[in-house]
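All of the numbers you see were taken from the coordinates with simple rules; none came from a lab. Computed from a prediction, not measured in an experiment: that's the story for all the values here. We place every Cβ from the backbone using ideal geometry, glycine too, and count neighbours over all the protein chains shown.
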Amino acid sequence: MSEYRPAPRFPHRHLLGIEALSAKDIVTLLDMAEEAVGISRQVEKMRATLRGRTLINLFFEASTRTQSSFELAGKRLGADVMNMSVSTSSVKKGETLIDTAMTLNAMHPDIIVVRHAQAGAVHLLARKVDCSVVNAGDGAHEHPTQALLDALTIRRNKGRIEGLTVAICGDIFHSRVARSNILLLSRLGARVRVIGPSTLLPENMARLGVEIHRDMKTGLAGADIVMMLRLQRERMVGGFIPSSREYFRFFGLDSEKLSYAKEDALVMHPGPMNRGVEIDSTVADGPQSLIREQVEMGVAVRMAVLDALAQHLPNATGGERP
Amino acid sequence: MTTTLASPAIAHQPVALVNGRLVDPQTQKEGKGGVLVIDGVIRDIGAGISAAALPSHAQIVDCAGDVIAPGLIDLCAFVGEPGAEYRETIATASAAAAAGGVTTIIARPDTNPPIDDPAVVDFLLRRARDTGLVRLLPAAALTKGLQGEEIAEVGLLLDAGAVAFTNASTSVRNARVMRRALAYAKDFDALVIHHLEDPDLAGQGVMNEGELALRLGLPGIPREAETIMLDRDIRLVTATGARYHASIVSTKASVDVIRQAKAAGLPVTCGTSINHLTLNENDIGDYRTFLKLAPPLRHEDDRRALVEALTEGVIDVIISDHNPQDVETKRLPFAEAENGAIGLETMLSAAMRLVHAGDISLPRLLAAMTLRPAEILRLPQGRLAVGAPADLIRFDPDEPYVVDPAKLHSRSKNTPFDEARMQGRVKLTMVAGEVVFRA
C-alpha cells in the first residue's frame, strides 16, 4: 500500500448522503456519470473497473428500480453482485441490524448498497463494516443516488443547474428524495421551492433554504423544473390528506397546473408513479416529461458512484486487506 | 334619488321600510328613518327614506317606530335534513327562523349522512333553494364521518359551498388529528368551528358538576372538560395559524382563555348559546330534560361572566344552538334524554332579556347575532349598509308575550322557554328584499 497512487478524484469512502458532498464532489460524480451514459449506450457495456469485487445489495425495504439499477451498474463494471432482500435475510428471524452487518462483513464484500426504512440505519451499518457503503435510501432522510440522477437529467436537458428554479411538489414530509434533492440542487446554485399541503410539509422547512408554497399556481410560476413526488400512502398513518381525489384536484400535476410553470418547463418523477393521484398520464407521458430518461440516468449515476468509491477500496492495488 | 327609477326596465318593485328606529350594529348607532330596498339589495338608508319621498309604485312598510335591523345570522342550527326529517326539515326550520328574525342559518353537519361529501353540500343547497324561506349555508364536517380520525375534503367541500368546518357536537379527541385538520384548513383559509368537551373527562356526566348535581343525584360534567379542550386547541392554533371559532363557551375559565388568546393576536373567536346567556343550572329544576344541553347549563356565576364577556366583546357571537328533539328522546329520565333545545324562533326575544335587564345595549347585542357572525364567516349580510343584501327585520323590542310551544314553527317543540314571558317580538322578516314573515 506504500506505492504511488494518483490522488482520488472523489475523496469519500462511503456515499451516505448528499449532506457530506461538496459542489465539487457532486460535479465530479455527474461528469463520471456522463461518461457512463456513453458506456451504457454501447453494444459492449462491460467494463473491468470492479473486476473481482463483490457488491452486495442489501434491501430491507422493497425496491424494484433502485435495486435493479444498482445491480446492473455493478455488473456493467464487472463486479459480482449479490442481492439480499429482507424476505430472504435472517432479519426476519430476529437478527439485529448490527449482527447482519457483522455477518456480511465477514464475507469480505467491497461495497454494500443499503436501503432501510429507518433514518440513520445506513450510517449505523457503515460504522460497523470495513467496506464502502452506499445509501440507497434510509427512511425519510436521504436518497443520494436519486438526487444525483435527477441532477444529471436536469443538466443534460437544461445545460446547467445553477440559476434554475426547481419546484418539488407533494409529499415532502415522507420524502428522502426531496431532502437529498434540496441539498444537492441548492449546493449547485438552483433555487428550490417546495409545494404541498401543510400536513405534508415538515415544520421548519424554510430552514433548509427553500421557498415554501401551499398552492400550485404560485409555486409553479416561473419554474424550470417540476419535480413531482410519490404520495407515500403506505406511510400515511392517521390521514395527512383527506382523499386522493382532493389531492389530485389541488396538487396533482395536470396540463392546467403545468401551464403555470415556464413554457419550456420539464417534468420529473422519481417513480413509481400514482397516476391520477399526483400526476396525470397526459403529463407523465407528455413531451415535457423526463421520467423515462431519469431511469436511464439512474444506471449511469450508480456506475459513477461505484466507480468513484472503488478508488478507495483498501486492496485497490491488488494486495491483501490490511 | 328616487325620481330616476321610473324606467320600465326595472321589473322589481322597490320596497321601503319607513318610520322605524334604525339600529346599526356596525356603527353601534341608532336613529329614526327607513331603508330602501331594490332588487334584494339595500339601496339607501336614513331619515330621508319616508313614504312621501318614494315613488308611487314602491311597496311601503310603515314600521310604526319599531326597530329596523339586519336579519340575524345563526352560526349553528340543526335543520334535520338529510336523515332526521322527523325532528326538523329545512322548511320547518326556516319557518321558525323567519319568525324569529333569523335570515341566515348555518346548518350543522351531524346529519345522516353527515355533510362530509361535496354531494351532500350540494343537496342541502338545492333543498334550501327549493324549500327554505331563509338563507341556509352548510357547515361541513371537519373529519370524515365526524369520526375524528381523518381530515374531511376541505378543499372540495369549500368549492361545493361549505362555509365552515366543524365536528358538530363532538370534539376531535385526538390532538394529532386536530393539529393536521387545523394545518390543512389553514391552507384553504377555512374557518374551523369546534365544540369543546373532553369526552374522557366529561365521562358519563349529564349536567354541570356542582352542588346541584350532587343534590339531584346526577353525574356532573366538570368545567375543566371544556377548558382543557379549549387550552389544547389554542395551542394548536398558535402552531398552525388556522382560523378558529369556539362554538360555545359556557364557563368563566373559558372566557379567560379566549380573552388571553385574543390579546395574543391569535385568529380566535368564540360564541355562546342563547341558553347559556339567559338560563342557568337551576332552571333544570325538577329534572326538566328540555334544559339538558351540551355543554350543560352552568352556575349563575358562569352565566354572569358570559354576559360580561359579551358586553366586552370577548364573546363574539350568540347562537341559537337549535337542536330539535322529538318527544320520545326527551320524555325519559334526565340522564337518558338527548341533549338539545330548539332556539331559532325565540333567540331574539330571549336575548332581549339582557337588554331589558340593562346588561347590554341593543346595538351591541344585535352585533353578536348579525355583524360578528357575518365577519367571521366573511359574508356580506348582517349589515345595515348600502349595497348589503336586504336581509332585514322589523321588531318591537317591548311587546310582551308568553311562549306557547304549540305555536312555534319548528317540527319539534323542545323549547327551554316553555311558557316563558318574553318582551320583544319580530314583526317582519325580509330575505333578499322578499318578505318571508309578517306577524
In the structure displayed, which of A:LYS45/A:LYS262; B:LYS252/B:LYS330; A:LYS257/B:LYS186 lie more than 32 Å apart, Cα to Cα? A:LYS45/A:LYS262
Between Rg and the Kirkwood Rh of chain A, both from Cα atoms, what is the Rg to Rh ratio? 0.98
Could you check what % of the DSSP bridge pairs in chain A are antiparallel, to the nearest 5? 5
Measure nothing fancy, just the Cα-based angle from helix B:175-187's long axis to the longest principal axis of chain B, in degrees from 0 to 90, nearest 10. 30
Once the Cα gyration tensor of segment B:356-408 is diagonalised, semi-axes √(5λ) in Å: 25, 15, 12
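Using r as the Cβ-Cβ distance of B:SER56 and B:ARG215, and R0 as 56 Å, what FRET efficiency do you calculate, to the nearest 0.05?
Numbers: r = 67 Å, r/R0 = 1.20.
Using R0 = 56 Å, I get an efficiency of 0.25.
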Which helices, counted as full DSSP H runs in chain A, have an axial Cα extent of no less than 15 Å and a Kyte-Doolittle average of 0.5 or above? A:291-310
Any idea what angle helix B:90-100 forms with the longest principal axis of chain B, computed on alpha-carbon atoms, 0 to 90 degrees, nearest 10? 70
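How about segment A:76-179: which GluC sites (Glu not before Pro) there lie in a loop by DSSP and see at most 12 other Cβ atoms within 10 Å?
Values: sites: A:GLU95, A:GLU142, A:GLU162; in loops: A:GLU95, A:GLU162.
The qualifying sites are A:GLU162.
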The set of residues whose placed amide H lies less than 5 Å from the amide H of B:GLY220, leaving out same-chain residues fewer than 5 positions away, is B:VAL206
Cα centroid distance between segment A:90-162 and segment B:33-89, in Å? 71
Going through segment B:123-161, which GluC sites (Glu not before Pro) have at most 15 other Cβ atoms within 10 Å and a DSSP loop state? B:GLU149
Once both axes come from the Cα atoms, what is the angle between helix B:252-263 and the longest principal axis of chain B, in degrees from 0 to 90, rounded to 10? 60
Suppose only helical runs count, i.e. DSSP H with n ≥ 4. What mean residue ellipticity at 222 nm does that imply for the protein assembly as shown under -39500 (n - 2.57) per run, divided by all residues and rounded to the nearest 500 deg cm²/dmol? -9500 deg cm²/dmol
Calculate log10 I(q)/I(0) of the protein assembly as shown for q = 0.06, 0.08, 0.10 Å⁻¹, where I(q) comes from the Debye formula with a single equal point scatterer on each Cα and nothing for solvent. -0.52, -0.76, -0.96
Percent antiparallel among DSSP beta bridges (both partners in the protein assembly as shown, rounded to 5): 30
Which loop trypsin sites (Lys or Arg not before Pro) in segment B:362-439, with loop taken from DSSP, have no more than 11 other Cβ atoms within 10 angstrom of their Cβ? B:ARG378
For chain B, what proportion of DSSP beta bridges, expressed in % and rounded to the nearest 5, is antiparallel? 50
Sorted by mean Cβ packing within 10 Å, highest first, what order do the peptides B:49-58, B:324-333 take? B:324-333, B:49-58
Given a cut-off of under 8 Å on Cα pairs at least six residues apart, what relative contact order in percent is computed for chain B? 19
So if R0 is 35 Å, what FRET efficiency would A:VAL295 and B:ARG176 give, r being the distance between their Cβ atoms, rounded to the nearest 0.05? 0.45
Based on Cα coordinates alone, diagonalise the gyration tensor for chain B, multiply each eigenvalue by 5, take square roots, and list the semi-axes in whole Å, largest first. 35, 24, 21
Each residue of A:210-217 has, on average, a number of other protein chain C-beta atoms within 10 Å of its C-beta equal to 1
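Near A:VAL81, within a Cβ-to-Cβ distance under 13 Å, what is the net charge of the other residues, with Lys and Arg +1 and Asp and Glu -1?
Result for the local shell: +2.
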Post the alpha-carbon centroid distance, segment B:367-423 to segment A:216-293, in whole angstrom. 49
Computed FRET value (nearest 0.05) for A:ALA20 with B:GLU312, which takes r as the C-beta separation and R₀ as 60 Å: 0.55
